[in-house]
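Reviewing the structure listed below.
The values are calculated or read from the model by the stated rules, or taken from the named source; none is laboratory data. All values derive from a computational prediction rather than experimental measurement. Every residue, glycine as well, gets a Cβ built from its backbone with ideal geometry; the counts of neighbours run over all protein chains shown.
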Amino acid sequence: MNAEKTPRARKPRSPKKPAAVPSTKAGTVALIGRPNVGKSTLLNRLLGQKVAIVSDKPQTTRISLLGIKTTDKGQIVFIDNPGIHKPLHKLNKRMMSYVDSSLETADIVCLLVDATLSFGQGDAYVLDMLGRTSKPVFLLINKVDAVRKDRLLPMIDKYKDLHPFKDIIPISALKGTNLDVLERLLLEALPPGGMIYPGGSLSDQSERFYLAELIREKLLARVEMELPFVTAVYIDRVERRAAGADSGRSAGEETRYKPESPAPEDEAADSVSLWDEEEGALLADEGSAGSGRDAETEEAGEAGTTKQPIREALPDRPPGHRQGRLIEGRRRRDLPLTYVQASIFVEKPNHRQIVIGREGQVIKAVGIEARRDMERYLKTRVYLDLQVKVRPRWRDSADVLDLIEGQK
């Protein structure tokens, strides 16, 4: 008779260890507010360097861009958004769609308001938008360096009754006031998590997009009235060339960036080419907008053009300084060359004449200032070729808007 087998005792299962909670915080923070409240200035200050252009003109920011702040305590991905306004054109509707998307996807929302301005209908419109989100909202009262303290308390009391803000922080994006407090509170409110982007990341914008923005920033500083709203910049081409190469198109190794669909040809366009020789002279092509001649003159071709040095004292340069002699401590002629061709879009022929300016002085100044910033950014010499083109009603043209947004 077979003996019954004694069942073996099962080894008790060890309890599962709870998943380790990350020691760092990470998440996204949407910066929203009305135009000109200082969102881009705040982003640049928080990151410690310039990633977004700034201007005193409304609607400077047209496309949301990311600014990434990484520390040993975590990573904050700031989303700089266009100013909130009621849209009239397709361009403005796209701008507001970025704001809506940001409100939906961000972990935290920061509403910026201008301490120097009284509460108005535009502020009520922004608060109405915030009423549709369940995200925690910080109220940042910006530009406190420009008002007396006794004016802040009534403002804080008013906003407390209008929305359940997680916190209200008076700040100065320009001076850096209370930004350390803001950063600490944001990290505390973000969820635990690992890095969203690699530690060295700073922004999501492409080189082409940033170069276009630099040109637009300099243009906004020199135009008034309706021009800031009807100008846009598209980078047609960027070519890298070897050290010692001149502006000839066959010189050196190059990398080209081509749009998926080429921009339509213009009936007329004005251009100015800017180039610094080692001695610091600005050279302008005769027959370009820089010399005040019209587009028909340019049809004679490059064979008949000459270059004349125009020696001008540029701002923020000490007397006796030879412009452009050194970049990053290296002689200019020892650096590689970057050729940048860009188009400035306007809607009417008279807009083009304003952008060009009398005897080409406006477009020339825009080019000088933009090229200087491009050289600092690229750490190369830059040959900048600007063309001003008329695109009637481009703000309502999906093709042009896709072309411009596609740079990012």
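Would you list the helices (runs of 4 or more DSSP H) that sit entirely within region 140-227 and hold 1 or more residues that are more than 30 Å from ILE368 (Cβ to Cβ), under 28 Å from the mean Cα position of the chain (by Cα) and touching a residue at least 60 places away in the same chain (Cβ under 8 Å)?
Working: elements: 149-160, 179-189, 207-220.
Those helices (runs of 4 or more DSSP H) span 179-189.
Condition first: part of a loop (DSSP other than H, G, I, E, B) and over 16 Å from LEU112 (Cα atoms). Now tell me which residues in region 61-101 satisfy that.
To start, the set of residues in region 61-101 that are part of a loop (DSSP other than H, G, I, E, B) comprises 61-64, 72-73, 81-89.
Listed by number, the residues that qualify are ARG62, ILE63, ASP72, LYS73, LYS86, PRO87, LEU88, HIS89.
Every residue in region 396-408 that is under 19 Å from the mean Cα position of the chain (by Cα) and in contact (Cβ under 8 Å) with a residue 12 or more places away in the chain, please.
Going through region 396-408, the residues under 19 Å from the mean Cα position of the chain (by Cα) turn out to be 400-408.
VAL400, LEU401, LEU403, ILE404, GLU405, GLY406, GLN407, LYS408 - these are the residues of region 396-408 that are under 19 Å from the mean Cα position of the chain (by Cα) and in contact (Cβ under 8 Å) with a residue 12 or more places away in the chain.
Return yes when LEU43 is in contact with a strand residue (DSSP E or B) (Cβ under 7 Å, 6 or more places away or on another chain), hydrophobic (A, V, I, L, M, F, W, C), surrounded by fewer than 21 Cβ atoms within 10 Å (Cβ to Cβ) and within 13 Å of LEU202 (Cα to Cα) and no when it is not. Walk me through how you get there before you give the answer.
Details: in contact with a strand residue (DSSP E or B) (Cβ under 7 Å, 6 or more places away or on another chain): yes; hydrophobic (A, V, I, L, M, F, W, C): yes; surrounded by fewer than 21 Cβ atoms within 10 Å (Cβ to Cβ): no; within 13 Å of LEU202 (Cα to Cα): yes.
Against the criterion (in contact with a strand residue (DSSP E or B) (Cβ under 7 Å, 6 or more places away or on another chain), hydrophobic (A, V, I, L, M, F, W, C), surrounded by fewer than 21 Cβ atoms within 10 Å (Cβ to Cβ) and within 13 Å of LEU202 (Cα to Cα)), LEU43 does not qualify.
Spot the failing condition for LEU182; the list is (1) hydrophobic (A, V, I, L, M, F, W, C); (2) over 19 Å from LEU403 (Cβ atoms); (3) in contact with an Asp or Glu (Cβ under 7 Å, 6 or more places away or on another chain), and only one is missed.
With (1) hydrophobic (A, V, I, L, M, F, W, C); (2) over 19 Å from LEU403 (Cβ atoms); (3) in contact with an Asp or Glu (Cβ under 7 Å, 6 or more places away or on another chain) applied to LEU182, the lone miss is (3).
For region 131-154, enumerate the residues that are within 22 Å of SER40 (Cβ to Cβ) and either in contact with a strand residue (DSSP E or B) (Cβ under 6 Å, 6 or more places away or on another chain) or surrounded by 21 or more Cβ atoms within 10 Å (Cβ to Cβ) (or both).
Scanning region 131-154 gives LYS135, VAL137, PHE138, LEU139, LEU140, ILE141, ASN142, LYS143, VAL144, ASP145.
Test VAL37 against the criterion of being assigned by TED's automatic domain parsing to the domain that holds PHE119, at pLDDT 95 or above, within 30 Å of GLU207 (Cβ to Cβ) and in a loop (DSSP other than H, G, I, E, B), and give yes or no. If you could, list the steps in order and put the result at the bottom.
Working: assigned by TED's automatic domain parsing to the domain that holds PHE119: yes; at pLDDT 95 or above: yes; within 30 Å of GLU207 (Cβ to Cβ): yes; in a loop (DSSP other than H, G, I, E, B): yes.
When the stated conditions are applied, VAL37 passes them.
Residue by residue through region 365-392, note down the ones that are part of a helix (DSSP H, G or I), farther than 17 Å from GLU207 by Cα and touching a strand residue (DSSP E or B) at 6+ places or on another chain (Cβ under 9 Å). Walk me through it before giving the result.
At the first step, the residues of region 365-392 found to be part of a helix (DSSP H, G or I) are 365-378.
Those left that are additionally farther than 17 Å from GLU207 by Cα: 365-369.
Matches in region 365-392: VAL366, GLY367, ILE368.
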